[in-house]
Amino acid sequence: MNDVLFLIGFVGLGLLLGSFTTALAYRAPRLIPWAFGHRREDASQGVNISAYRSICPNCQTVLQPRDLVPLFSWIYQRGRCRHCHAPISFLYPLIEACVLLCVLIAAVILGWQLKLAFVIAAVPFLVALLFIDAQHMILPDSLMLPLAMLGAGYQFALQAQAGLQPGPMLMNLLIAPVFYAGSIWLLSAFMTKMLKRDALGFGDVKFFAIAGLWLGLSNFALFCLLSGILGVAQGILWNISGRGRAFPFGPALIVALYVLLLLPVAACGICDWFLLE
Ligand SMILES: [Zn+2]
């Protein structure tokens with residue numbers, strides 16, 4: 001009985017966060033603030049949106065609560081808006097299904113622990129960034145910043161649990177992201193010289209810093225290895241599908257970070273490193 005309640009609870013949470021993620025994935029690349037409603041000047045920029053509420057991009061009708069679970073409403077309305085019958089992208093139910101799956105996998109693998117709360121809170125930002133980078137080849141700061149703050153919060157919580165003093169805690173918090181981003185920036189500069197074209201975007205370098213916050217120093221090699229393998233696989237698929245030579249590296253980085261967060265190795269890299277001393 002407890003297992004059934006556990007499952008129902010996390011399915012509900014997954015659908016709720018999935019709906020939130022579709023709003024993130026629509027708003028962030030269009031520079032519409034996602035967190036605190038909309039400023040007045042947005043209207044003058046041609047973004048006509050009522051504060052706080054999601055709208056149909058075609059007819060501007062404010063969506064009702066029953067429209068806000070894309071997985072169900074999209075299937076029920078056969079991929080069309082309830083009001084103007086304009087077709088709605090299949091990406092919205094796909095995004096929601098991805099979030100639901102990521103939340104359920106995390107809940108089953110991690111079980112009740114502090115890490116689960118942080119990983120689930122990160123899922124909407126990870127999935128939104130993945131779809132945005134694949135579509136627009138950008139990793140918007142408005143979604144990277146909350147992901148970084150969650151990572152820092154996660155490290156703080158773990159290190160406080162381990163009884164570390166604020167001084168070493170702050171050191172730990174800074175070393176890993178600087179090391180991750182610095183290494184990849186050097187590699188990217190070297191590859192750009194060798195290949196004579198831009199190897200990595202600055203967004204990717206920033207994402208490495210965020211991965212450093214979440215994973216700690218000791219998982220650096222593992223993160224590089226996994227994201228490298230995924231990146232090559234993704235590059236081949238990208239090429240086969242005829243989308244050109246330049247491809248976004250973000251999706252490979254995002255999947256690698258999520259997978260490593262589910263493994264026990266990625267508990268708290270820097271923390272146990274320091275405790276050994
Ligand atoms: Zn509409």
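No value in this document is a laboratory result; all are computed from the given coordinates. As the structure is a prediction and not an experimental result, all values here were calculated from the model. We place every Cβ from the backbone using ideal geometry, glycine too, and count neighbours over all the protein chains shown.
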Checklist entry - What do you get for Rg/Rh of the chain when both radii come from the Cα atoms and Rh is the Kirkwood radius? => result 0.99
Checklist entry - Mean separation of Cα pairs under 8 Å and 6+ residues apart, divided by the residue count of segment 136-275: what relative contact order is that in percent? => result 30 percent
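Arranged by the count of other C-beta atoms within 10 angstrom, fewest first, what order do S183, S19, S241, S54 take? Don't skip to the end; give the middle numbers.
Values: S183 15, S19 23, S241 9, S54 18.
By the 10 Å Cβ count, ascending: S241, S183, S54, S19.
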Checklist entry - By count of other Cβ within 10 Å, fewest leading, how are K196, K115 ordered? => result K196, K115
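So what's the net charge close to Q77: Lys and Arg +1, Asp and Glu -1, counting the other residues with Cβ under 15 Å from its Cβ? Present the calculation step by step, with values, prior to reporting the outcome.
Working: positive: R66, R78, R80, R82; negative: D67, E96.
Once positives and negatives cancel, what remains is +2.
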Checklist entry - Using the membrane-span-like helix rule (whole DSSP H runs, Cα extent along the own axis of at least 18 Å, mean Kyte-Doolittle hydropathy at least 1.0), which helices of the chain qualify? => result 2-27, 91-110, 114-136, 166-195, 202-215, 220-240, 250-262
Checklist outcome for this item: A correct Karplus calculation of ³J(HN,Hα) over segment 55-60, with 6.51 cos²θ - 1.76 cosθ + 1.60, θ = phi - 60°, whole Hz and x for Gly and Pro, returns 10, 6, x, 8, 9, 6
Checklist entry - Cα extents of segment 136-275 along the three principal axes, largest first, in whole Å? => result 52, 28, 28
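Under a point-charge model restricted to the Cβ atoms of Lys and Arg (+1) and Asp and Glu (-1), what is the dipole moment magnitude of the chain relative to its Cα centre, in debye to the nearest 20?
In total the dipole reaches around 840 debye.
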Next on the checklist: Explain nothing, just the number: relative contact order of the chain, from Cα pairs under 8 Å at least 6 residues apart, as a whole percent.
Outcome noted: 17 percent
